[in-house]
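Visitor: What follows is a single structure, and I will ask about it in a moment.
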Number of protein chains: 2
Amino acid sequence: MGQYNAPLRDMHFVLHELLDVTSELKALPAHADIDTDTINQILEEGAKFTSKVLFPLNHIGDVEGCRLNSDTHEVTTPTGFKEAYRQFVEAGWPALTCDPEYGGQGLPIVVYNPLAEMLNSSNQAWYMYPGLSHGAYECLHEHGTPEQKSMYLPKLVSGQWTGTMCLTEPHCGTDLGLLRSKAEPQADGSYKITGGKIFISAGEHDMAENIVHLVLARLPDAPAGTKGISLFLVPKFIPNADGSLGARNAITCGALEEKMGIHGNATCQMNLDDASGWLIGQPNKGLNAMFVMMNAARLGVGMQSLGLTEVAFQNALAYAKERLQMRSLSGPKAPDKPADPIIVHPDVRRMLLTAKAYAEGGRAFSSFVALQIDRELNHPDEEVRKDAADLVTLLTPIIKAFMTDNGWIATSEAMQVHGGMGFIRETGMEQYVRDARINMIYEGTNTIQSLDLLGRKILMDNGAKLKKFGALVQAFVEENGTDEAMNEFVTPLADIGDKVSKLTMEIGMKAFQNQDEVGAAAVPYLRVVGHLVYSYFFARMAKIALAKQDSGDTFYKAKLATARFYFARLLPETAMLIRQARSGAKPLLDLEAELF
Amino acid sequence: MGQYNAPLRDMHFVLHELLDVTSELKALPAHADIDTDTINQILEEGAKFTSKVLFPLNHIGDVEGCRLNSDTHEVTTPTGFKEAYRQFVEAGWPALTCDPEYGGQGLPIVVYNPLAEMLNSSNQAWYMYPGLSHGAYECLHEHGTPEQKSMYLPKLVSGQWTGTMCLTEPHCGTDLGLLRSKAEPQADGSYKITGGKIFISAGEHDMAENIVHLVLARLPDAPAGTKGISLFLVPKFIPNADGSLGARNAITCGALEEKMGIHGNATCQMNLDDASGWLIGQPNKGLNAMFVMMNAARLGVGMQSLGLTEVAFQNALAYAKERLQMRSLSGPKAPDKPADPIIVHPDVRRMLLTAKAYAEGGRAFSSFVALQIDRELNHPDEEVRKDAADLVTLLTPIIKAFMTDNGWIATSEAMQVHGGMGFIRETGMEQYVRDARINMIYEGTNTIQSLDLLGRKILMDNGAKLKKFGALVQAFVEENGTDEAMNEFVTPLADIGDKVSKLTMEIGMKAFQNQDEVGAAAVPYLRVVGHLVYSYFFARMAKIALAKQDSGDTFYKAKLATARFYFARLLPETAMLIRQARSGAKPLLDLEAELF
């Protein structure tokens, strides 16, 4: 069933050598005291838990799936899931980054980020149960009333209760403006909510005693469309004043979806039949409140694919070193064996290095964004907070879409390394591919992410946020432009930076004439910007590796080789993407729908 | 569960307008009499059978899979599979292209090609049972003794018996030189064969009364490696002299594989324990004989992905016209409805047109190759036969690898059009993706196809076969170069033709220094040549469509739009691929295996 070992060495490299997080965190009063040893100890504990407890349950979860008792509406999760959750809660993992006021440990997000990767590498379907709780926590933390916070947050922080987000209905996923669930105000200030929700991840399960649903619905007098949607807190069991469990609420799981992947997670159809709910935030401003949760979820989805990329890579690598098949075209490399290990073949290496580079690029990038979130939340200087927030806003759709597209590519390549064995369930490789597929869809399809990036985040403010990232690139190029050894990295980085500027301007001009030009260009455009981001991080990592390549630590040699591979083999995708983005809306829109 | 309607209009276009097959076939004495009506009638019958009988079994096959009785070693296929096979045999479909001497109908391959597409669109897993028989038929027809032919061919032709190819063993897939199964000569001229084979598609089932296994094994004195492999005929039941079933042979199914997809097909572990076998062809020349079957299978695998591409496209299109979500960025297109159908969105069209263009390109290309096979087999002029054979040899790995890569891309895009619904089993979209995945692996992975194309088919004869295809391109470019309306197609076609020539020469030069340069460039190189081929066929199709665009038949308008989409959005992949192919072996080979 394969293997998983948390890539601690590379995580240390990213946190300490690339981002120098302990120094950075010194500027944030809330995190000024954290030191390298503490960080590394946390990661080491996480590595143990994920590889020993969660990873062995990954295949079981895929094979068993979840079961619904249609009489009781109760869901049984796969063997071992509940017990692993108990251990997770006991060890205090859910509380790690939460507010100490509600029992959290108040650690920075950037320290949590590698843990999120490990949790997803070892068991994406399992981690979705606590993962979604965290989004509910954030949403309530920002928009809840003091009473809601004091009732719900401590239980979410401890993991005693979990959370969900209930948005989608059968006729509306992307287009929430169409949603129909209704909320009727009651005399006591609560609401009676009725409607049907679908695709509710972790909507019902046996791992925690209560589930806190955050539900979008319409008030009776609500305006049509997205401006008439409100957010409600709908607990599975209505808590008594002392926090103990009260009456069972009328929100139940009507069916589980049969899916391509993430079988271990319960994807529920939820029926609300006059369920009791309480308003979160302002009436008709539910989408604003939900966006807090959605942004957290989008970053989380990117991390799911990073996790899958890493574990798929590790298993493909092990297989490629072990499997003997054919001789190297340039002569036998293991003459004592009946054939060479397939890692000698250049195209096997291409597949392996694709996964490796996407894992290492995604790790650096996502940790950088996590650090920006810490700065956004905690830096004393408002301007620094604003800059950090702008970067997070800009980069969130890239984390979601670029990293999940890359995860699809990488898991598929890792499976291909296995030849026919990759298609067989017992190797576990095809599960990574199936699990990775949903990440391109949920929490806003990758098309939606691309429109968000190009239309909203970039064109709407004339590229101001993009320029903030561009300034980092520019500074790095200027700083290293005269270093001959860095030429091979700085030159393509500067080049892709220029190309992004030109492309952005060009699309912006065309969009003035026709908004469909945004829709036509958005998907390839996002990947171009993704490559600009990865080029920047690979150039920065290469700089460190160049300086230390003679240190005797072969890690740096490998890092340099991976960076060179990235620039030679992955960055060239931009040559295609830019042509596609520039080809415009006409070839897409010319044909009448009925002639397709 | 979706829908499938055979794309008869486009099939007619390809056969009659693009390839003008009835005229072409007049030059082949064996097929000189076939007329358009006959061809169209056959296609219409095929369309009925596949959409009405096979398509409804596709989802059932996926859900039920096959079951092995471990006592009797018998396999039960999914509900309805056996009955559908009975109808298939009764209607005479297996005999369609077979030799009349053995009961076949002697029809040309080019007429069968659209049927193969339909069979795969409607049910890839089902069609693999009779599909593999056809390869066994071809191999025996070419290499069998007169006695073997008269005993086995009529039963394979009628479909009374089916066939398999037993190559792979646990330690060798690609590298057949390592295989260990043994064949001991017996006094009566037969052999006793012992060994274990894996991944044997249709190795055991309940659809036909007997199964004819073609098995690779080693004679006692065989040289090591691929030069010591012989091919044996090993029937499940040893036929009596009158063709009736005799003793059960010692070749049994030990286990079925659990797979990512094609669940309806039995992927068997086969145990041979002193099984009786008979030599096919010369001792130690088994690979040569098997290659007849393997080439047929490779073309067949390309057709599997074409079939999946088409059916996935049809279902995505239906969904995109029906699903209402968001307004067009350029203003409402269906103001009477609560939202626009998603086909108004440019990126949804990009996904749909990607699948449509790959379906139409693959249909034209594969039918062209099928016609070349007919010419190779039946043209009276030896030089014409040789030219046709060279084209088939050159293009076979492109059919296998380019069409299956495209099938993976297209089915995934078609699934993505469905958003979250695409991930749910009941829409059937994710099955297409899972089924499509194996096609990139079996019958020689796509890496192996790429090495075959670049190393063996192109560099080994200094590009002579490639030049034969290049001459077709060149002639088309010269003929249409002064037609202004054709400019938009001829210019990029000529350009990609030049680029392929230069790239081939460049890699050839580098390969002189280091054979690993072939391995490093092969995969992107194959896709570049694939795009040259598709550019040629889209330019030819566009020419016909331009001439008839004012005919009132909107088919030509759609064809033109699809061709324009291809050149705008898909051909630009070559800008990436050429850079990748040129980047050479160094970035792949620099890192020692242990430092990965």
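The values are calculated or read from the model by the stated rules, or taken from the named source; none is laboratory data. Predicted model only: the values in this text are computed from it and were never measured. Positions of Cβ are generated from backbone atoms using ideal geometry, with glycine treated the same way; all protein chains shown enter the neighbour counts. Quick note on the areas: whole protein, heavy atoms, side chains included, nothing else; ligands and nucleic acids left out. Shrake-Rupley method; radii C 1.70, N 1.55, O 1.52, S 1.80 Å.
Visitor: Among DSSP beta bridges lying fully in chain B, give the percent that are antiparallel, nearest 5.
Guide: About 80 percent, rounded to the nearest 5.
Visitor: Moving to a separate point now. Taking the label point 7 Å from Cα in the Cβ direction, how far apart in nm is residue A:482 from each other copy of itself, listed shortest first?
Guide: 6.0
Visitor: Let me ask something else. Pairs of alpha-carbon atoms within less than 8 angstrom and 6+ residues apart define the contacts here; what relative contact order does chain B have, in percent?
Guide: 13 percent
Visitor: Using a 1.4 Å probe over the heavy atoms of the protein chains, calculate the carbon and sulfur portion of the accessible area of the protein assembly as shown as a whole percent.
Guide: For the protein assembly as shown, the apolar C and S fraction of the accessible surface comes to 52 percent.
Visitor: Between the range A:416-451 and the range B:430-499, what's the alpha-carbon centroid distance in Å?
Guide: Between the Cα centre of the range A:416-451 and that of the range B:430-499, the gap is 29 Å.
Visitor: Taking GluC sites (Glu not before Pro) that fall in a DSSP loop and have at most 15 other Cβ atoms within 10 Å as cut points, what is the longest piece of chain B between them?
Guide: B:259-591
Visitor: Averaged across the residues of B:323-336, what count of C-beta atoms belonging to other chains lies within 10 Å of each residue's C-beta?
Guide: Taking all residues of B:323-336 together, the mean is 4.
Visitor: Output the lone cysteines of chain B: those with no second cysteine's C-beta under 4.7 Å from their C-beta.
Guide: B:66, B:98, B:139, B:166, B:172
Visitor: Now for a separate question. So how far, in whole Å, is the C-alpha centre of the range A:276-311 from the one of the range A:21-59?
Guide: Cα centres, the range A:276-311 to the range A:21-59: 23 Å.
Visitor: Expressed as an acute angle from 0 to 90° and rounded to the nearest 10, what is the orientation of the C-alpha long axis of helix A:286-322 relative to the principal long axis of chain A?
Guide: Long axis of A:286-322 versus the principal axis of chain A: about 40 degrees.
Visitor: What gaps in nm, shortest first, separate residue A:92 from its twins in the other copies when you place the label 7 Å past Cα toward the beta carbon?
Guide: Label-point distances to the other copies, shortest first: 8.1 nm.
Visitor: Relative to the longest principal axis of the C-alpha atoms of chain B, give the angle of the C-alpha long axis of helix B:464-480, reported between 0 and 90° and rounded to the nearest 10°.
Guide: 30 degrees
Visitor: Let me ask something else. What distance in nm separates the two pseudo spin-label positions at residue A:224 and residue B:471, each 7 Å out from Cα along the beta-carbon direction?
Guide: 6.7 nm
Visitor: Would you mind getting me the FRET efficiency between residue A:501 and residue A:150? Use the beta-carbon distance for r and R0 = 41 Å, nearest 0.05.
Guide: The computed FRET efficiency comes out at 0.25.
Visitor: Filter the trypsin sites (Lys or Arg not before Pro) in the range A:158-203 to those in DSSP coil with at most 13 other Cβ atoms within 10 Å of their Cβ, and list the result.
Guide: A:180
Visitor: Hey, can you list the residues from the range A:194-211 whose accessible area shrinks by 50 Å² or more with all protein chains present, relative to the chain by itself (probe 1.4 Å, no ligands or nucleic acids)?
Guide: So the qualifying set is A:199.
Visitor: Then there is this: Would you mind computing the Rg to Rh ratio of the protein assembly as shown from its alpha-carbon coordinates, Kirkwood style for Rh?
Guide: 0.97
Visitor: Round to the nearest 10 and give me the degree value, 0 to 90, for the angle of helix A:382-417's Cα axis relative to the longest principal axis of chain A.
Guide: 70 degrees
Visitor: How high is the relative contact order of the range B:161-283? Use alpha-carbon pairs under 8 Å, at least six apart in sequence, and give a whole percent.
Guide: Result for the range B:161-283 is 30 percent.
Visitor: In addition: Out of residues 5 or more away from residue B:259 or on other chains, whose amide H comes under 5 Å of its own, with H placed 1.01 Å from N in the peptide plane?
Guide: A:425
Visitor: Measuring from a point 7 Å out along Cα→Cβ, what nm distances, shortest first, does residue B:171 have to its partners in the other copies?
Guide: 6.4
Visitor: Have a look at the DSSP beta bridges in the protein assembly as shown and tell me what percent are antiparallel, nearest 5.
Guide: The answer is about 80 percent antiparallel.
Visitor: Name all residues of the range B:339-363 having a backbone nitrogen under 19 Å from the label point set 7 Å from the Cα of residue B:333 along its Cα→Cβ direction, giving them as ranges.
Guide: Within reach of a label on residue B:333, which here means backbone N under 19 Å from a point 7 Å along Cα→Cβ, the range B:339-363 contributes B:339-357.
Visitor: Still on this structure: Could you pull the Rg and Dmax for the range A:462-586, using just the Cα atoms, both in Å?
Guide: According to the Cα coordinates of the range A:462-586, Rg and Dmax are 16.4, 58 Å.
Visitor: Under the rule of at least 5 residues apart or a separate chain, name every residue whose amide H is placed under 5 Å from the amide H of residue B:463.
Guide: none
Visitor: Would you report the distance distribution of C-alpha pairs in chain B as whole percents per 20 angstrom bin, up to the bin with the largest distance?
Guide: Result returned by the calculation: 20, 54, 25, 2, 0.
Visitor: So, one more: Leaving out ligands and nucleic acids, and using a 1.4 Å probe, what accessible area per residue does the protein assembly as shown come to in Å²?
Guide: Accessible area per residue, the protein assembly as shown: 35 Å².
Visitor: Same structure, new question: Round to a whole angstrom and tell me the spacing of the C-alpha centers of the range B:330-367 and the range B:562-596.
Guide: 27 Å
Visitor: Treating the Cα atoms of the range B:161-283 as identical point scatterers in vacuum, please give the log10 of the normalised Debye intensity I(q)/I(0) at q = 0.12, 0.15, 0.20 Å⁻¹, two decimals.
Guide: With one equal scatterer per Cα and no solvent, log10 I(q)/I(0) is -0.42, -0.65, -1.11.
Visitor: Using every alpha carbon pair in the range A:1-156, what percent of pairs falls into each 10 Å bin from 0 up to the bin containing the largest distance?
Guide: 10, 34, 34, 18, 4, 0
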